[in-house]
């Protein structure tokens, strides 16, 4: 973890972020700071805006207003919130890797091809180098023997581990996880959480939207509780789970455990 | 072999179809080659129009979408024969007018180019709809993943959208190709010597209608069989990432 020091830019800074879909305001001014090496878990009930908040960070949803900076670089926004600079956003996205609830591997490419797609074509890494690194990562997530398989032939847990490996292949500065275990059969959740736990242990900066409270408590060092588009409470896992202050958070924790 | 042909009383027919004069076989094959040339050209032109048309319909502004809607509706509503007559005569007339306005005088428009242009416009309207449907059938997550990893739009089209939609588009595109091969016959009305016109000329010169039209039918059939085989290979390749459904053979 990085000690205080103004010289080190925050890995992610979100300031007063608003997002509306038509007249529906989903995010009503949320802020978040992640230092390098932080693992931030965003929790909250369904419809609280947690996935939207995560997707705004890499502009998969265009924020309506607010400020986002990634490793100190402010992402330009127009007043109406539309992306100002597509090139800048594309460059930012290649440094911020995302893992989706439904894996979203490219179905017409093998696992290995999925892994090297972005390094080779977006980041222009030499192909041999990308393949070597992809194999290393696949071995790490326990899929060394699956590199020539197509995603549809893998179990959900294997697909999600491959998707995490694909995210790691771009050497991301920040990783975003959007409910990575919600689409998995219960017996497959453990293998995916195991991989994420290892990543947290090696000091990866991660933002994690999750329903797994036990897991959030164990791997995150910051917890953010969202309620109806606002941050109701935030703090360390001990504070949030051990001594929740707000009534809503108490109720939420009771309902999910 | 010859005795069998003789016994069946087909000697005359085979002489008529012989590749060297006085047989007309070479004329038929030349017509077939022209038909294939136009079909391939029109199909490729149609695919390009269709790809841009589909993108325009899905992502374009209101004016683009309206114009494309008019294009696909009109082209698919009017009988192809009528369209071919309109596009051929109006098209060549416009080009000539433009050319003489610029001081170049009349230009000779090659039949192949005109045929490709006219059929390509027709094919483009159908391809637009096939490709639009196929793009919409791609799971949104796959496009989203490409965006999330910072792929620029053109790369995304080339690396993700087109390959991912192929498996949805191939059956429709195979149909469209077969229609293209047969629509070339409509160009006979504007005097283009493709297979059907060559056949008619051979038949009326020799009065052997049955022989020549059956032969032409056979050539169209062979073209279709080869195409079907090729498309089933392409479809298999396009579906390489899909798990076979339990009911599928092998």
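Treating only the Cα positions of the stretch B:132-232 as identical point scatterers, give the base-10 log of I(q)/I(0) from the Debye formula at each q in 0.18, 0.20, 0.25 Å⁻¹.
At q = 0.18, 0.20, 0.25 Å⁻¹ the computed log10 ratios are -0.87, -0.97, -1.21.
Beta carbons within 10 angstrom, averaged per residue: use that to sort the peptides A:93-99, B:46-52, highest first.
Values: A:93-99: 23.7, B:46-52: 21.0.
Ranked from most to least packed, the peptides come out as A:93-99, B:46-52.
With chain B treated as a Gaussian network of Cα nodes joined by springs under 10 Å, which of B:185, B:145, B:39 yields the largest mean-square fluctuation?
B:145
Hey, got the average number of other protein chain Cβ atoms within 10 angstrom for residues in B:154-166? List each step's numbers first, then the result.
Values: counts 0, 4, 0, 0, 1, 7, 4, 0, 1, 4, 4, 1, 1.
Average neighbour count from other chains, rounded to a whole number: 2.
Considering the stretch A:192-257, what Rg and Dmax in Å follow from its alpha-carbon atoms?
Cα-based Rg and Dmax for the stretch A:192-257 come out at 12.2, 35 Å.
Using Cα atoms only, what is the angle between the long axis of helix B:162-183 and the major principal axis of chain B, expressed in degrees (0 to 90) to the nearest 10?
Compared with the principal axis, the helix lies near 30 degrees.
If I fit a long axis through the Cα atoms of helix A:156-168 and take the longest principal axis of the Cα atoms of chain A, what angle between them do I get, 0 to 90°, rounded to 10?
It is inclined by approximately 90 degrees.
Taking a quarter of the surface of the convex hull around the Cα atoms of the stretch A:1-160, what do you get in nm²? Please report the intermediate quantities before stating the final value.
On the way: hull surface 46.9 nm².
With every direction weighted equally, the projected area is 11.7 nm².
If all Cα-Cα distances of the protein assembly as shown are sorted into 10 Å bins from 0 onward, what percent lands in each bin, rounded to whole numbers?
4, 15, 20, 18, 14, 11, 8, 5, 3, 1, 0
Determine, at each q value in 0.14 (inverse angstroms), the log₁₀ of I(q)/I(0) that the Debye formula gives when each Cα of the stretch A:96-171 is one equal point scatterer.
After summing over all Cα pairs, the log10 values are -0.35.
Provide the FRET efficiency to the nearest 0.05 for the residue A:182-residue B:232 pair, computing r from the beta carbons and using R0 = 41 Å.
Details: r = 39 Å, r/R0 = 0.95.
Approximately 0.60, to the nearest 0.05.
Could you give me the radius of gyration and the Dmax of the stretch B:26-238, taking only the C-alpha atoms into account and expressing both in angstrom?
Values for the stretch B:26-238 (Cα only, Rg and Dmax): 19.9, 68 Å.
Give me a single rounded figure for A:98-107: the average over its residues of other chain Cβ atoms within 10 Å of their Cβ.
Numbers: counts 5, 2, 4, 1, 6, 3, 9, 4, 11, 12.
So the per-residue partner count for this stretch is 6.
So how far apart, in nm, are the two label points at residue B:26 and residue A:132 if each is 7 Å from Cα heading toward Cβ?
Placing both labels 7 Å along Cα→Cβ, they lie 6.2 nm apart.
From the Cα gyration tensor of the stretch A:139-252, with a ≥ b ≥ c the square roots of its eigenvalues, which class applies: rounded if a/c is under 1.5, or else prolate if a/b is larger than b/c, or else oblate? Working shown, then result.
Working: a/c = 2.53, a/b = 2.01, b/c = 1.26.
Cα axes put the stretch A:139-252 in the prolate bin.
Using only the Cα atoms of the stretch B:36-144, what do you get for the radius of gyration and for Dmax, in Å?
Rg, Dmax (Cα atoms, Å): 16.3, 55.
Which of these, A:38, A:16, A:148, has the largest mean-square fluctuation under a Gaussian network model of chain A (Cα springs below 10 Å)?
In the Gaussian network model the winner is A:148.
If I take R0 = 60 Å and measure r between the Cβ atoms of residue A:250 and residue B:204 in this structure, what FRET efficiency does the formula 1/(1 + (r/R0)^6) give, to the nearest 0.05?
0.05
Who wins for biggest fluctuation among A:134, A:34, A:183 in a Gaussian network model of chain A, springs between alpha carbons below 10 Å?
So, out of A:134, A:34, A:183, the one fluctuating most is A:183.
Mind pulling the angle between the C-alpha long axis of helix B:195-206 and the longest principal axis of chain B? Nearest 10 degrees, somewhere in 0 to 90.
10
Hey, got the average number of other protein chain Cβ atoms within 10 angstrom for residues in A:114-123?
3
Coordinate-derived values only; no laboratory data. This one's a predicted model, so the numbers in the text were calculated from it and none came from an experiment. Reconstructed Cβ throughout: ideal geometry from the backbone, glycine too, with neighbour counts over all protein chains shown.
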